[in-house]
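The values are calculated or read from the model by the stated rules, or taken from the named source; none is laboratory data. Quick caveat: nothing in here was measured; it's all calculated off a predicted structure. Note that each Cβ is placed from the backbone with ideal geometry, even for glycine, and that neighbours are counted across all protein chains shown.
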Amino acid sequence: MPVAFDLWRELIRVFPTIFSLEAGRYLITAGLFSLIIWAFWRSHYAARKIQTRSATAQDYRREVFASLRTALIFSITGFGMYCAHSAGWLTIYEDFTVKGPLYFVATLIAMILAQDAYFYWTHRAMHHPRLFRTFHWTHHKSKTPTPWAAYAFDVPEAIVVVAFVPLWAALVPMHDLAIFAFVTWQIVRNVMGHAGVEMYPVSGKPSRLFGWWNTTTHHDLHHQNGRSNYGLYFSWWDRWMGTEHPDYQAEVAAFAICPLRRKKPARASGAIASLIALAFASSLIMHGHARAQTRSEIAGNWATNGFGSIVQFHPCASAPQTMCGRIIWMWEPNDAQGRPRVDNHNPERGLRTRSLIGVEIVRNLRETESGVWTAGALYNPDDGRTYTGVITLRNGMLELRGCALSVFCQTQIWRRPDDVLLAARSLGQ
Ligand SMILES: [Zn+2]
Ligand SMILES: [Zn+2]
């Protein structure tokens, strides 16, 4: 019987990482964009300021406080997703070869398009007089938004916004990095939409090619009047539903890049592109760190007691947060009669003829504290028994302690094959 998922232990172990990732993503992205607006203010952004009013210090304080509170709610959801994933309820895969690059790109684009629709309709609903005060009031206190307003939501709004991610992940198998790319896209577009200055290159007349891409002016107008421009990333829902601000095209055209001044804007655009790349890279590093924390140090090959066989550990196909191990090599692959060894002690009669090579003898191990793996099932083909217990990684060795029916207990030490070979070689011939 697998040991129950230790919620509190997992909470203490994983939650701080998830929160620093969520809060860090917000602080880094909003901070970087504030920096670029400040650095290019005189040469570029002063002329692209959308409103004459400026945000007050109180506006900044409120936006940062509410956004960090939202990051906390996002982290609670993230932890919930981590638990659900460990239980096998969500299909988030890490192996890129499982579904290939086309699936990766298609599901990422589909997720963005679906969230854009989800946002448009939930956002419009939150503007209903009965819902507005509870759900959406805080966000609209920012009449002149700043990059720090990106996550400035009331608690109920934050819950509505974040609910999309687990809902989507429950329906569509997603690659771990596709979800990461999605959340990075979300924060970058949100920060740019609240920048207070027009961040996107715009032309003097409605662009046929890029008219569907929401500019900063688009969302800024929403903060100014709250009765139009509900869309998030793209403008098509506002167009289809007739909710686009009547002056939007004229307002955005006012920021068209003048050909004579192209040099300076180009420098600012280059800086924005580098910043997006930087935000993406730093976010990727944080993500990699978090992933490494939840990933196994026990992956790879292990030689069993007496070098009788080699077992390869890998993330389980059905629940990639857990580890499985299968026999990939045996010292004596054949029995006394010269026939390939089979699983002849297996309690299931039908499995007794299967070859031992390839048998998954370790299933669903979960790291419950650093270097300690519990739950799961350890199958011993020598006696056909399945054990539950604890695997500890200590000084580069795996110590396996398992009991079957709480009576038959065993301890084994497994070593890395290379370590055994190295020790043998160091003795010479
Ligand atoms: Zn907004
Ligand atoms: Zn709104």
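Residues in region 214-233 that are within 15 Å of R48 (Cα to Cα) and either of a type in the set (S, T, Y) or not assigned by TED's automatic domain parsing to the domain that holds I28 (or both): T215, T216, T217.
Which residue is nearest to A55 (Cα to Cα), if the candidates are limited to region 192-213 and must be outside any loop (DSSP other than H, G, I, E, B) and more than 12 Å from ligand 1 (Cβ to nearest atom)? Give the derivation first.
First, the residues of region 192-213 that are outside any loop (DSSP other than H, G, I, E, B): 192-193, 197, 213.
Keeping just the survivors that are more than 12 Å from ligand 1 (Cβ to nearest atom) gives 197, 213.
Numbers: V197: 12, W213: 26 Å.
Among those residues, the one meeting the criterion is V197.
Restricting region 30-55 to residues that are surrounded by 11 or more Cβ atoms within 10 Å (Cβ to Cβ) and of a type in the set (S, T, N, Q), the residue that is farthest from the chain's Cα centre (by Cα) is S43. The criterion of at least 2 residues that are of a type in the set (G, A, S) and under 30 Å from T322 (Cβ atoms) is met by the following helices (runs of 4 or more DSSP H) wholly inside region 44-157: 57-86, 100-126. If I ask for residues that are closer than 22 Å to L365 by Cα and either in the same structural domain as A170 (by TED's automatic domain parsing) or part of a loop (DSSP other than H, G, I, E, B) (or both), which ones from region 309-342 would you list? The answer is C316, A317, S318, A319, P320, Q321, T322. When you check V188 against the structure, is it within 16 Å of ligand 1 (Cβ to nearest atom), modelled with pLDDT under 95, assigned by TED's automatic domain parsing to the domain that holds H44 and under 17 Å from S269 (Cα atoms), yes or no? Judged against the criteria, V188 is a match.
Any residue that is among the basic types (K, R), within 16 Å of ligand 1 (Cβ to nearest atom) and assigned by TED's automatic domain parsing to the domain that holds M199 - is there at least one of those in region 134-153? The answer is yes, given that some residue of region 134-153 is among the basic types (K, R), within 16 Å of ligand 1 (Cβ to nearest atom) and assigned by TED's automatic domain parsing to the domain that holds M199. Assessment of region 90-102 against the conditions (surrounded by fewer than 19 Cβ atoms within 10 Å (Cβ to Cβ), within 16 Å of ligand 1 (Cβ to nearest atom) and within 30 Å of A319 (Cβ to Cβ)) yields no matching residue. Of the residues in region 214-234, none is surrounded by fewer than 23 Cβ atoms within 10 Å (Cβ to Cβ) and away from ligand 1 (no atom under 16 Å from the Cβ).
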